[in-house]
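The values are calculated or read from the model by the stated rules, or taken from the named source; none is laboratory data. Note that this is a predicted model, so its numbers are computed, not measured. Counting neighbours? That spans all protein chains shown, and the Cβs are built from the backbone with ideal geometry, glycine included. For accessibility, only protein heavy atoms count, side chains too; no ligands or nucleic acids. Shrake-Rupley method; radii C 1.70, N 1.55, O 1.52, S 1.80 Å.
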Amino acid sequence: MKKRASRPIPVAVQTLTKGDFTSDQDVRWCPGCGDYSILAQTQRILPDLGIPKEDFVFISGIGCSSRFPYYMNTYGFHTIHGRAPTIAAGVKASNPDLSVWVITGDGDALSIGGNHFIHLMRRNLDINVLLFNNRIYGLTKGQYSPTSEQGKKTYSTPMGSIDNPFNPISLALASGATFVARSLDRDPEHLRSVIKSAFDHKGTSFIEIYQNCNVYNDGAFFTYTEKETKAENTVFLEHGEPLVFGKDGDKGICLNGFKPEVVSLSDGTHSNGDLITHDQFTEDRTLAYFLSRMTEVPGLPHPIGIFRSVEHPCYEEMMTEQINTAKERMGDGDLDALLNEGDTWVVE
Amino acid sequence: MKKQKQSIEEATILFASDSGGGAQSIGTQMTEASAIAGNDVATLPDYPAEIRAPAGSLAGISGFQLRFSSLTIHTPGDLCDVLVAMNPAALKVNIDKLKPNGILIVDTDNFAPRNLRLAGYSSNPLEDGSLTQFQVFPIELTRLTREALKDTGLTQREVDRCKNFYALGMVCWMYNRPMDYAFQWLKEKFATKPQYIEANTLALKAGNIYCEVTEQFATSYEIKPAKFAPGKYRNIEGNMATALGLVAASQKSGLQLVYGSYPITPASTILHELARYRNFGVKTMQMEDEIAAVGVAIGAAFSGALGATGSSGPGIALKAEAINLAMIAELPMVVCNIQRAGPSTGMPTKTEQADLLQMFYGRNGESPLPVIAASRPSDCFETVYEACRIAIKYMTPVIFMSDLYIAFGAEPWLIPHVSDLPAIDVDFPTDTNGFEPYLRDETTLARPWAIPGTPGLEHRIGGLEKADISGNVSYDPDNHEKMVHLRAEKVARIADDLPPTEIFGESSGELLVLSWGGTFGAVRTAVEHKQAESKSVSHVHLRYLNPLPKEVGDIMQGFKRVLIPELNLGQLRLLIRAEYLVDAAGLNKIQGQPFHVFEIESKIDEMLRGDV
């Protein structure tokens with residue numbers, strides 16, 4: 001894993017705890033909401049990241065997940081529906097020293113903010129995006145979302161949704177995101193490790209988090225998050241490792257033509273060498289994209305983990321570079337000279 | 001033959017060609033040459049939205065009107081002394097703008113049957129006697145240019161593209177303008193294509209010599225320099241002045257300028273200008289849409305930069321929700337609305353001032369924002385600078401209004417000294433003791449600008465209603481009402497901070513003409529003319545629209561009647577009537593064109609006679 005240049009950790013920072021990142025506001029999500037876990041894991045991991053508390057900025061749009069900044073004792077901005085990526089871009093471009101986080105949901109990021117989402121991904125500012133995907137509109141009380149499965153019956157689709165859902169991982173990859181991962185609200189350890197990796201990644205980091213809405217879409221992801229079914233229905237991506245899954249590690253994913261296929265590792269027909277080996281650092285997006293489509297093939301496990309992690313120049317760095325180049329070429333801006341530029345004449 | 005030189009006070013020339021035919025560039029050259037010669041100048045570029053409409057068609061005609069004078073002027077002139085029409089369509093579209101006995105120069109080589117048909121002429125106007133009231137100069141411009149450039153080795157197509165400079169050479173002769181500036185400009189413009197420098201230079205000289213040697217042109221004109229206040233001048237367009245004003249505010253405040261924008265006519269050239277100033281640390285961000293453009297400005301403001309965004313009416317409509325967020329978050333930001341003719345897409349390359357109520361009221365809830373408007377191209381500098389000052393001092397988004405007419409118009413600008421610009425003080429608090437995100441300054445009611453990166457001042461803001469002082473989310477009924485009043489009061493208090501309103505003319509009398517925005521020039525000129533006729537009429541031009549200067553109500557009381565000319569259906573009039581219960585009359589024009597001076601004069605006459 002490529003790390004950002006480590007900076008010295010101030011003594012005060014080393015002593016930060018989860019409590020330091022907890023604001024004095026009462027958390028007002030429904031009891032049992034998956035958001036609690038994501039909040040807790042974030043608050044637990046931030047003290048380990050080695051940067052002063054005042055340098056964190058959490059920016060959100062609208063929706064249940066977007067209340068998140070109010071509960072963080074950091075700088076925070078609860079903005080408007082779908083627009084958090086734009087405001088985050090303004091913050092990061094203005095002050096590249098800040099650690100900027102976007103908290104969003106499936107409706108916020110992929111419906112009303114879809115345009116900003118794809119453009120944030122392609123610009124590659126060093127911003128971390130946590131998308132809480134619960135496949136439903138919670139705050140507006142239960143309408144289908146752009147990740148809801150076709151046929152879903154909700155208040156706004158009594159006969160079933162006729163929309164095709166987005167695949168957030170595919171969308172992020174297609175938009176050129178340099179860090180793309182998936183994690184689970186009910187797997188705290190994995191979630192923390194992915195958040196840490198996203199932070200370490202220089203460039204836009206995107207994490208889709210399967211999050212349970214126990215009021216309007218309870219159990220949407222239980223197949224992938226609950227003990228009884230998780231092992232058989234998820235495959236955890238590890239760089240350099242073959243795609244092995246199953247309770248007993250007895251299944252794998254291999255490539256049959258252009259199709260992923262589940263094979264048995266216990267019946268003697270296949271071994272690890274036949275399986276797809278994960279490579280999150282490869283520049284080519286094909287493998288990551290291929291893995292992202294697995295969720296759309298019935299019978300295949302959902303990949304969890306880091307799909308892609310490659311380093312590209314960051315927008316804000318290139319901006320700074322242009323400013324430095326311009327200063328080298330033309331000197332520091334001189335306002336008097338600028339106002340007097342071009343053809344002038346003097347009236348006595 | 002002996003040529004005569006005649007001294008005249010002023011002249012107005014209109015260059016018209018197919019768009020892409022060079023009317024804009026020779027118009028600009030003539031403007032620069034006239035400004036440097038010491039004349040007062042005013043320009044009116046007028047072109048279609050289509051980049052290249054079919055050649056020779058009426059829809060594709062691009063015009064550039066230039067007035068230069070030995071007197072102080074405020075408008076590009078109602079009618080023209082000279083029309084240079086490069087084809088029949090250019091003639092047809094513009095002939096109504098030529099004064100009786102005005103000079104008409106046409107390229108006769110372009111008056112073939114096909115071009116006449118395209119322009120909708122059933123007979124050739126050069127032959128059918130329809131132009132007898134003008135002094136017509138039929139010139140074989142195409143043939144003469146080809147002749148002059150025959151040794152350049154350029155293709156005929158390339159040669160024909162130099163025709164506009166042949167015409168410029170002629171006009172330079174007619175008005176005794178030196179051509180050095182144009183030579184220099186060509187050298188810079190075609191630095192990588194020296195063959196074009198040579199060709200256009202040849203065309204320019206040939207056009208000039210043509211007038212010198214042919215008997216067609218017997219008289220040239222001299223226009224003495226205008227009287228200007230002493231100082232150093234340059235010629236400036238409104239959008240350029242706006243860009244410079246933003247940079248100046250950034251430099252004086254010590255804040256980096258972050259300008260988010262999405263291309264839109266007529267605001268794009270502000271983005272182009274600012275993009276050139278990376279060495280001033282200016283960060284321009286061309287975003288995916290209008291909302292993203294204002295989003296980055298808000299993010300910049302939140303993190304302690306001078307955030308600004310610019311657009312025109314349709315784009316501002318898209319930004320409205322985000323502007324409202326900045327309003328309730330009480331972040332300083334400047335929103336530039338360079339108005340164009342609406343509604344909807346409207347007429348993107350035509351001027352209008354019909355967005356005033358949009359800027360006042362085009363957001364949900366009670367959303368008071370300061371609104372200020374520039375009056376002329378050079379005034380954009382000071383006005384946008386003032387917008388930045390107010391935004392930072394009062395912690396609020398400020399609406400800066402301009403319009404296409406002044407954005408693209410040019411005039412001489414007395415370059416200010418940087419040291420004379422008002423100070424813009426920025427205070428980023430660092431003291432954690434007693435810090436509250438919505439604890440206000442007693443005088444201005446501004447909240448503290450505590451920026452990320454400041455230890456101990458971590459806080460959350462957002463679009464949900466804020467509890468007074470703490471800034472926490474609040475649904476408390478009394479708190480909501482209090483906050484609505486506080487935000488309104490904060491904007492209202494800006495009125496304590498405004499310079500006195502200047503009355504042009506007597507402070508009482510028969511008629512007060514009250515105006516705002518880009519109509520300044522036409523209104524001021526009309527009032528000057530009427531005052532010269534000893535009519536009892538005065539003029540107040542408003543830069544500050546919200547809040548209005550405190551004395552506006554009293555000023556109006558000094559006059560029997562009030563006239564508000566606007567390029568809309570009476571938007572300022574609506575506000576003035578509502579605020580002061582004054583029965584102001586309107587003069588309203590919605591044609592995508594600025595006022596003519598005579599239109600305002602005749603309205604003034606009517607009102608003074610008591611006809612209306």
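Which condition from (1) open to solvent by less than 80 Å² (accessible area, probe 1.4 Å); (2) part of a helix (DSSP H, G or I) is the one that residue B:187 breaks?
(1)
When the residues of region B:190-204 are narrowed to those that are without any contact (Cβ under 8 Å) to a residue 40 or more places away in the chain and closer than 24 Å to residue B:35 by Cα, which ends up nearest to the chain's Cα centre (by Cα)?
Of everything passing the filter in region B:190-204, B:190 is nearest to the chain's Cα centre (by Cα).
Among the residues of region B:84-124, which ones are in contact with a strand residue (DSSP E or B) (Cβ under 6 Å, 6 or more places away or on another chain), among the hydrophobic types (A, V, I, L, M, F, W, C) and open to solvent by less than 30 Å² (accessible area, probe 1.4 Å)?
Passing the criteria: B:84, B:85, B:86, B:89, B:90, B:91, B:98, B:103, B:104, B:105, B:106.
Kindly list the number of the only condition in (1) open to solvent by less than 10 Å² (accessible area, probe 1.4 Å); (2) farther than 28 Å from residue A:60 by Cα that fails for residue B:457.
(2)
Evaluate region B:274-289: report whether one residue or more is closer than 26 Å to residue B:347 by Cβ and free of Cβ contacts under 8 Å to residues at least 12 places away in the same chain.
No, because not a single residue in region B:274-289 is closer than 26 Å to residue B:347 by Cβ and free of Cβ contacts under 8 Å to residues at least 12 places away in the same chain.
Just for region B:282-302: of the residues that are open to solvent by 10 Å² or more (accessible area, probe 1.4 Å) and more than 21 Å from residue B:407 (Cβ to Cβ), which one is nearest to the other protein chains (Cβ to nearest Cβ)?
B:288
Return yes or no: is residue B:342 open to solvent by 10 Å² or more (accessible area, probe 1.4 Å), in contact with a helix residue (DSSP H, G or I) (Cβ under 6 Å, 6 or more places away or on another chain) and more than 14 Å from chain A (Cβ to nearest Cβ)?
On the way: open to solvent by 10 Å² or more (accessible area, probe 1.4 Å): yes; in contact with a helix residue (DSSP H, G or I) (Cβ under 6 Å, 6 or more places away or on another chain): yes; more than 14 Å from chain A (Cβ to nearest Cβ): yes.
Yes: the conditions hold for residue B:342.
Looking at region B:432-472 only, could you name the residues that are more than 14 Å from chain A (Cβ to nearest Cβ) and either in contact with a strand residue (DSSP E or B) (Cβ under 6 Å, 6 or more places away or on another chain) or farther than 30 Å from residue B:245 by Cα (or both)?
Going through region B:432-472, the residues more than 14 Å from chain A (Cβ to nearest Cβ) turn out to be B:433-434, B:438-447, B:468-469.
The answer is B:433, B:434, B:438, B:439, B:447, B:468, B:469.
Check B:116, B:104, B:126, B:131 and return the single one that is over 24 Å from residue B:165 (Cα atoms), aliphatic (A, V, I, L, M) and free of Cβ contacts under 8 Å to residues at least 40 places away in the same chain.
Answer to the selection: B:131.
Return the residue satisfying two criteria in turn: it lies in region B:22-48 and is of a type in the set (Ser, Thr, Tyr) and open to solvent by 20 Å² or more (accessible area, probe 1.4 Å), and of such residues it is farthest from the other protein chains (Cβ to nearest Cβ).
If we filter region B:22-48 for residues that are of a type in the set (Ser, Thr, Tyr), which is where we start, we get B:25, B:28, B:31, B:34, B:43, B:47.
Filter once more, so that each one left must be open to solvent by 20 Å² or more (accessible area, probe 1.4 Å): B:25, B:28, B:47.
On the way: B:25: 15, B:28: 12, B:47: 23 Å.
In this case the residue turns out to be B:47.
Residues are listed down the side, and each one gets a yes or a no for (1) open to solvent by less than 40 Å² (accessible area, probe 1.4 Å); (2) free of Cβ contacts under 8 Å to residues at least 40 places away in the same chain; (3) farther than 19 Å from residue B:383 by Cα; (4) assigned to a strand (DSSP E or B):
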{"site": "B:502", "(1), (2), (3), (4)": "no, yes, no, no"}
{"site": "B:510", "(1), (2), (3), (4)": "no, no, yes, yes"}
{"site": "B:514", "(1), (2), (3), (4)": "yes, no, no, yes"}
{"site": "B:531", "(1), (2), (3), (4)": "no, yes, yes, no"}
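Evaluate the following for residue B:72: is it in contact (Cβ under 8 Å) with a residue 60 or more places away in the chain and under 18 Å from the mean Cα position of the chain (by Cα)?
Details: in contact (Cβ under 8 Å) with a residue 60 or more places away in the chain: yes; under 18 Å from the mean Cα position of the chain (by Cα): no.
In short, no.
Which members of region B:3-26 meet the condition of being part of a strand (DSSP E or B) and within 22 Å of the chain's Cα centre (by Cα)? If you could, list the steps in order and put the result at the bottom.
Initially, region B:3-26 is screened for residues part of a strand (DSSP E or B), giving B:4-8, B:10-18.
Hits for region B:3-26 are B:11, B:12, B:13, B:14, B:15, B:16.
So for region B:212-229 (the condition being of a type in the set (Asp, Glu), touching a residue at least 40 places away in the same chain (Cβ under 8 Å) and in contact with a helix residue (DSSP H, G or I) (Cβ under 9 Å, 6 or more places away or on another chain)), does at least one residue qualify?
To start, the set of residues in region B:212-229 that are of a type in the set (Asp, Glu) comprises B:212, B:215, B:222.
Add one more test, that the residue is touching a residue at least 40 places away in the same chain (Cβ under 8 Å), and what stays is B:212, B:215, B:222.
Filter again for in contact with a helix residue (DSSP H, G or I) (Cβ under 9 Å, 6 or more places away or on another chain), leaving B:212.
Looking for residues that are of a type in the set (Asp, Glu), touching a residue at least 40 places away in the same chain (Cβ under 8 Å) and in contact with a helix residue (DSSP H, G or I) (Cβ under 9 Å, 6 or more places away or on another chain), one finds at least one in region B:212-229, hence yes.
Could you look through region A:316-332, keep only residues that are at the interface with chain B (Cβ under 7 Å from one of its Cβ atoms) and open to solvent by less than 20 Å² (accessible area, probe 1.4 Å), and pick out the one that is nearest to residue B:234 (Cα to Cα)? Steps first, please.
So in region A:316-332, the residues at the interface with chain B (Cβ under 7 Å from one of its Cβ atoms) come out as A:319, A:322-323, A:326-327, A:330-332.
Still in the list and also open to solvent by less than 20 Å² (accessible area, probe 1.4 Å): A:319, A:323, A:326.
Numbers: A:319: 31, A:323: 27, A:326: 25 Å.
If we take residues in region A:316-332 being at the interface with chain B (Cβ under 7 Å from one of its Cβ atoms) and open to solvent by less than 20 Å² (accessible area, probe 1.4 Å), then A:326 is nearest to residue B:234 (Cα to Cα).
Please work out which one of (1) at negative phi; (2) within 14 Å of another protein chain (Cβ to nearest Cβ) is the condition residue B:231 fails and give its number.
Only one criterion in (1) at negative phi; (2) within 14 Å of another protein chain (Cβ to nearest Cβ) is unmet by residue B:231, namely (1).
Which of the helices (runs of 4 or more DSSP H) contained wholly in region A:235-348 include at least 1 residues that are more than 28 Å from residue A:194 (Cα to Cα)?
Values: elements: A:286-292, A:315-330, A:335-339.
In region A:235-348, the matching helices (runs of 4 or more DSSP H) lie at A:315-330, A:335-339.
Of the residues that sit in region A:256-281 and are touching a residue at least 40 places away in the same chain (Cβ under 8 Å) and of a type outside the set (Phe, Trp, Tyr), which one is surrounded by the most Cβ atoms within 10 Å (Cβ to Cβ)? Outline the logic, then answer.
Here is the first cut: in region A:256-281, the residues touching a residue at least 40 places away in the same chain (Cβ under 8 Å) are A:260, A:278-281.
Applying the additional criterion that residues be of a type outside the set (Phe, Trp, Tyr) yields A:260, A:278-280.
Working: A:260: 20, A:278: 24, A:279: 14, A:280: 22.
Looking at residues that are touching a residue at least 40 places away in the same chain (Cβ under 8 Å) and of a type outside the set (Phe, Trp, Tyr), I get A:278.
Show the residue pairs meeting these rules: Cβ distance below 9 Å; 6+ apart or different chains; first residue within region B:543-567 and farther than 21 Å from residue B:606 by Cβ; second residue of a type in the set (Lys, Arg).
B:547/B:493; B:549/B:543
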